[in-house]
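Participant: Before I ask anything, here is the structure I am working with.
The values are calculated or read from the model by the stated rules, or taken from the named source; none is laboratory data. Keep in mind it's a predicted model, so treat the numbers as computed, not measured. Note that we place each Cβ from the backbone using ideal geometry, even for glycine, and neighbour counts take in every protein chain shown. Side chains included, ligands, DNA and RNA excluded: accessible areas come from the protein's heavy atoms. Shrake-Rupley method; radii C 1.70, N 1.55, O 1.52, S 1.80 Å.
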Amino acid sequence: QRRNAHNYVADMEAEHHLYQRSHTLIDFLRDWKDDAPTFPGRVENLWIEMYERDYVGLEDVIGVQHWLLALASSGYTFP
């Protein structure tokens, strides 16, 4: 994939907030616990909590929800 200098700057600016908070994200993930009865439920809850803490955007949560639904619709057996 070819990129120009403008794209590098835009990428850096878009991700700068997360880079600054990576240590707190790691701490959050290390300590995170959930009691949802299913694996998809735990994945969804994790993404919602990351959204609530401003690590990901709402569109990311919706994307994960769609992905989980697509897996279930295809007959995937979750662990």
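Participant: F78 - would you say it is open to solvent by less than 70 Å² (accessible area, probe 1.4 Å), outside any helix (DSSP H, G or I) and aromatic (F, W, Y)? Before the answer, list the steps.
Facilitator: On the way: open to solvent by less than 70 Å² (accessible area, probe 1.4 Å): yes; outside any helix (DSSP H, G or I): yes; aromatic (F, W, Y): yes.
Judged against the criteria, F78 is a match.
Participant: If D11 passes every condition in (1) open to solvent by 60 Å² or more (accessible area, probe 1.4 Å); (2) without any contact (Cβ under 8 Å) to a residue 12 or more places away in the chain but one, which one does it miss?
Facilitator: In the conditions (1) open to solvent by 60 Å² or more (accessible area, probe 1.4 Å); (2) without any contact (Cβ under 8 Å) to a residue 12 or more places away in the chain, D11 misses (1) alone.
Participant: State whether one or more residues within region 50-59 are modelled with pLDDT of 95 or more, closer than 24 Å to T77 by Cβ, outside any loop (DSSP other than H, G, I, E, B) and open to solvent by less than 70 Å² (accessible area, probe 1.4 Å).
Facilitator: Among the residues of region 50-59, not one is modelled with pLDDT of 95 or more, closer than 24 Å to T77 by Cβ, outside any loop (DSSP other than H, G, I, E, B) and open to solvent by less than 70 Å² (accessible area, probe 1.4 Å), which makes the answer no.
Participant: A further question on this structure: Can you name the condition, by its number, that A36 falls short on among (1) among the small types (G, A, S); (2) assigned to a loop (DSSP other than H, G, I, E, B); (3) open to solvent by 60 Å² or more (accessible area, probe 1.4 Å)?
Facilitator: It fails just one condition, (3).
Participant: Just wondering, is there one or more residues in region 38-50 that are within 9 Å of the chain's Cα centre (by Cα) and among the hydroxyl-bearing types (S, T, Y)?
Facilitator: No: zero hits.
Yes or no, residue by residue, for (1) open to solvent by 100 Å² or more (accessible area, probe 1.4 Å); (2) in a helix (DSSP H, G or I); (3) modelled with pLDDT of 90 or more:
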site	(1), (2), (3)
E15	no, yes, no
L25	no, yes, yes
L29	no, yes, yes
E44	no, yes, yes
W47	no, yes, yes
L69	yes, yes, yes
